[in-house]
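Everything on this sheet refers to the single structure shown next.
The values are calculated or read from the model by the stated rules, or taken from the named source; none is laboratory data. Values in this document were obtained by computation on a predicted structure and should not be read as measured data. A quick note on method: Cβ atoms are made from the backbone with ideal geometry, for glycine too, and the neighbour counts reach across all protein chains shown.
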Amino acid sequence: MPILRTTTDADPIRLLKHEAVPDAGGYEVRFADGRPSVFVYWDDMPSRRLRPDVLTRGQAEAEAKTIARTERGKLTGHGA
(Lines give C-alpha, C1' and ligand atoms only; values in the text may rest on other atoms or scores of the structure.)
Protein backbone atom coordinates (compact mmCIF):
# COMPACT_ATOMS: atom_id res chain seq x y z
CA MET A 1 0.00 0.00 0.00
CA PRO A 2 2.52 2.74 0.96
CA ILE A 3 4.79 3.61 -1.93
CA LEU A 4 6.77 6.58 -0.60
CA ARG A 5 8.13 6.74 2.91
CA THR A 6 10.07 9.86 3.86
CA THR A 7 10.47 8.92 7.52
CA THR A 8 11.46 5.84 9.49
CA ASP A 9 8.96 3.58 11.22
CA ALA A 10 10.03 5.06 14.58
CA ASP A 11 9.07 8.60 13.54
CA PRO A 12 5.91 10.08 15.07
CA ILE A 13 4.85 11.46 11.67
CA ARG A 14 5.01 9.51 8.41
CA LEU A 15 4.37 10.57 4.83
CA LEU A 16 2.81 7.88 2.63
CA LYS A 17 1.99 8.07 -1.06
CA HIS A 18 -1.13 6.32 -2.37
CA GLU A 19 -1.80 5.89 -6.08
CA ALA A 20 -5.08 4.08 -6.85
CA VAL A 21 -5.11 4.72 -10.59
CA PRO A 22 -2.36 5.94 -12.92
CA ASP A 23 -1.67 9.67 -12.61
CA ALA A 24 -3.95 10.15 -9.59
CA GLY A 25 -3.71 9.54 -5.87
CA GLY A 26 -2.87 11.21 -2.63
CA TYR A 27 -0.35 11.70 0.12
CA GLU A 28 -1.19 10.71 3.67
CA VAL A 29 0.43 12.42 6.64
CA ARG A 30 0.07 9.74 9.35
CA PHE A 31 0.48 10.49 13.06
CA ALA A 32 1.68 7.79 15.46
CA ASP A 33 -0.09 9.43 18.42
CA GLY A 34 -3.54 8.43 17.12
CA ARG A 35 -4.59 11.71 15.54
CA PRO A 36 -6.52 11.34 12.28
CA SER A 37 -4.35 11.32 9.17
CA VAL A 38 -4.30 14.33 6.86
CA PHE A 39 -4.79 13.55 3.15
CA VAL A 40 -3.67 15.72 0.23
CA TYR A 41 -5.09 14.52 -3.09
CA TRP A 42 -3.56 14.94 -6.54
CA ASP A 43 -4.47 14.25 -10.15
CA ASP A 44 -2.10 14.88 -13.04
CA MET A 45 -4.88 14.79 -15.66
CA PRO A 46 -6.37 18.32 -15.85
CA SER A 47 -9.63 16.99 -17.30
CA ARG A 48 -10.21 14.99 -14.09
CA ARG A 49 -9.32 17.83 -11.71
CA LEU A 50 -12.92 18.87 -11.14
CA ARG A 51 -12.53 20.07 -7.54
CA PRO A 52 -10.39 23.11 -6.73
CA ASP A 53 -8.66 21.29 -3.83
CA VAL A 54 -7.17 18.60 -6.10
CA LEU A 55 -3.57 19.48 -6.94
CA THR A 56 -0.88 18.19 -9.27
CA ARG A 57 1.44 15.47 -7.93
CA GLY A 58 4.24 17.97 -7.29
CA GLN A 59 1.97 20.47 -5.53
CA ALA A 60 0.43 17.74 -3.35
CA GLU A 61 3.83 16.32 -2.39
CA ALA A 62 5.10 19.78 -1.42
CA GLU A 63 1.97 20.50 0.65
CA ALA A 64 2.11 17.12 2.42
CA LYS A 65 5.79 17.63 3.24
CA THR A 66 5.03 21.09 4.61
CA ILE A 67 2.27 19.69 6.83
CA ALA A 68 4.55 16.90 8.09
CA ARG A 69 7.45 19.30 8.70
CA THR A 70 5.21 21.77 10.57
CA GLU A 71 3.67 19.07 12.78
CA ARG A 72 7.08 17.52 13.48
CA GLY A 73 8.34 20.97 14.47
CA LYS A 74 5.46 21.36 16.93
CA LEU A 75 6.40 18.05 18.56
CA THR A 76 10.05 19.02 18.92
CA GLY A 77 9.37 22.61 19.95
CA HIS A 78 10.74 24.11 16.73
CA GLY A 79 7.45 24.87 15.00
CA ALA A 80 4.46 27.16 15.24
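Can you name the residue in the stretch 44-58 that is among the hydrophobic types (A, V, I, L, M, F, W, C) and surrounded by 15 or more Cβ atoms within 10 Å (Cβ to Cβ) and is also modelled with the highest pLDDT among such residues?
Leu55
Filter the stretch 59-80 down to the residues that are of a type in the set (A, V, I, L, M) and within 16 Å of the chain's Cα centre (by Cα), then identify the one that is nearest to Asp11 (Cα to Cα).
If we take residues in the stretch 59-80 being of a type in the set (A, V, I, L, M) and within 16 Å of the chain's Cα centre (by Cα), then Ala68 is nearest to Asp11 (Cα to Cα).
Mind listing whichever residues of the stretch 20-58 are touching a residue at least 12 places away in the same chain (Cβ under 8 Å), assigned to a strand (DSSP E or B) and over 12 Å from the mean Cα position of the chain (by Cα)?
Ala24, Asp43
Could you tell me which residue of the stretch 59-75 is surrounded by the fewest Cβ atoms within 10 Å (Cβ to Cβ), considering only residues that are free of Cβ contacts under 8 Å to residues at least 60 places away in the same chain and among the basic types (Lys, Arg)?
Ranking the qualifying residues of the stretch 59-75, first place goes to Lys74.
If you check Glu19 against the conditions, is it at pLDDT 90 or above and surrounded by 16 or more Cβ atoms within 10 Å (Cβ to Cβ)?
Against the criterion (at pLDDT 90 or above and surrounded by 16 or more Cβ atoms within 10 Å (Cβ to Cβ)), Glu19 does not qualify.
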